[in-house]
Each structure stands twice: as structure tokens, then as C-alpha cells.
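Take a look at the structure below.
The values are calculated or read from the model by the stated rules, or taken from the named source; none is laboratory data. Since this is a predicted model, take the numbers as computed values, not measurements. Heads up, the Cβs are rebuilt from the backbone with ideal geometry, glycines too, and the neighbour counts pull from every protein chain shown.
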Amino acid sequence: MTQTTIPDGYKMDARGHLVPVAMIRPIDLARDSLVLEITAKAKALSEQIAKMKADFFADIAAFVTLSAEQYEVKLGGDKGNVQLLSFDGRYKVLRAINETLVFDERLQAAKSLIDACLQRWSEGAQPEIKVLINDAFQVDKSGNINTGRVLGLRRLAIEDEEWQRAMTAIGEALQVSGSRSYIRVYERVGTSGKYQPITLDLAGA
């Protein structure tokens, strides 16, 4: 993106017009100065936080590798949640990786098998199971299916062969569409077993 060169003695307004500074009210200039000052500091802080976050991840990954080497174990990748405690238990660092799970087209095959089961069980099926199944395949306002509810069907102790094939299809239909990593730092509240997060965002500080 080409940045417009602004001549001395002028400022560009929100519409892209050059306005002589002499024609701008003092309060507008003061507001502009304040916003630019805060924005510059915020951008610098954002860069520091991004670097700090990258350093934290690298340090934790290095420590996990060091710890594994004590037992002559080689760990693969950086996936997995890690919780680290200070020696006195006062501070806790948590590295967590949240994966976004979605179902591919094979979920439709699973639903067809389940529907076939329900049709066969129409006389003897427990009403509770029917409600669980219907709820599991309901979509939200965005048209998405709740993965937790669908996966919850696999915990039902149903030995029917067709049902088991449906559960296998559900497992194979599950895909990871993305992941998000984060680090949280906690401090213990007094001598209790509770921890409170050390706030790193402006809104919660």
C-alpha cells in the first residue's frame, strides 16, 4: 500500500483531504496528538508481548525436551498441554493447545446408520436415547453441529453392530480444522489451593 506524503504544515483528515494545520482547532490537534501517542505505545507493547509469547513457547518447549531427556525419552512435536509449578507452588504456568474439531461428509453416513437403528428400535428404544440422538444432531444458529454432543453418543453402551459401525464412522469423520496455542500464568491465592491468573490483557488489567 502506497503511503501518501503529507507536506509540512498539513494534516490529512479521515476523507483523505489535506488540511492546513492552522485551520484545525486546538482541541482537535490535542486529540490527534493523544491518540497517536497512545497508539504508538500500544503498538510497541503489542510487539513486545508477541516476542515475549514466542520466547515463552520456546522456553517451555526446551524445558519439556530437557525433562524428557532425563528419562531418555524423545517427545514428538510441541502438541499437548503442559503445567509447570514453581518449587514453592506459588506460581503456575500453563501451556495449552486448543484444537478446533469439525466433521467431514462421513458424518452423514453415520447419521444414516443411526437413523436405521432408530427405525429398527422404534418399538423398544428408550425415549431418553432418542432425545440424546436428536439433540446431538441439531445445528446452532450458524448451522454448525455441536461436536461434543455427537462424540457423546460414543459413550453409550449399545452393542448393536449397525450402531457400532455408526460410531466408527463418527470417529473417522472427525477432523482437526485448526489449533490455537496459549500460555497462562497464575499466582496462588494466599495459602489456599486456588490460583488467580496474572492478567496480561488491557481489558482485564
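Quick look at the values:
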{"quantity": "Test: Tyr91 is in contact (Cβ under 8 Å) with a residue 40 or more places away in the chain, surrounded by 13 or more Cβ atoms within 10 Å (Cβ to Cβ) and of a type in the set (Ser, Thr, Tyr)", "calculated": "yes"}
{"quantity": "Check on Ala50, assigned to a helix (DSSP H, G or I) and loosely packed, with under 10 Cβ neighbours inside 10 Å", "calculated": "no"}
{"quantity": "Number of positions in region 10-47 that are more than 30 Å from Leu200 (Cα to Cα) and surrounded by 10 or more Cβ atoms within 10 Å (Cβ to Cβ)", "calculated": "11"}
{"quantity": "Where a residue in region 146-169 is more than 17 Å from Leu118 (Cβ to Cβ) and its partner, wherever it lies, is hydrophobic (A, V, I, L, M, F, W, C), with Cβ under 8 Å and at least six apart", "calculated": "Asn146/Ala136; Thr147/Leu101; Thr147/Val102; Thr147/Phe103; Thr147/Leu174; Leu151/Ile170; Leu151/Leu174"}
{"quantity": "Residue that is nearest to Arg188 (Cα to Cα) [pool: residues in region 73-88 that are out of contact with any strand residue (DSSP E or B) (no Cβ under 8 Å at 6 or more places or on another chain) and at pLDDT 85 or above]", "calculated": "Asp88"}
{"quantity": "Condition check for Val19: in contact with an Asp or Glu (Cβ under 6 Å, 6 or more places away or on another chain) and not basic (Lys, Arg)", "calculated": "yes"}
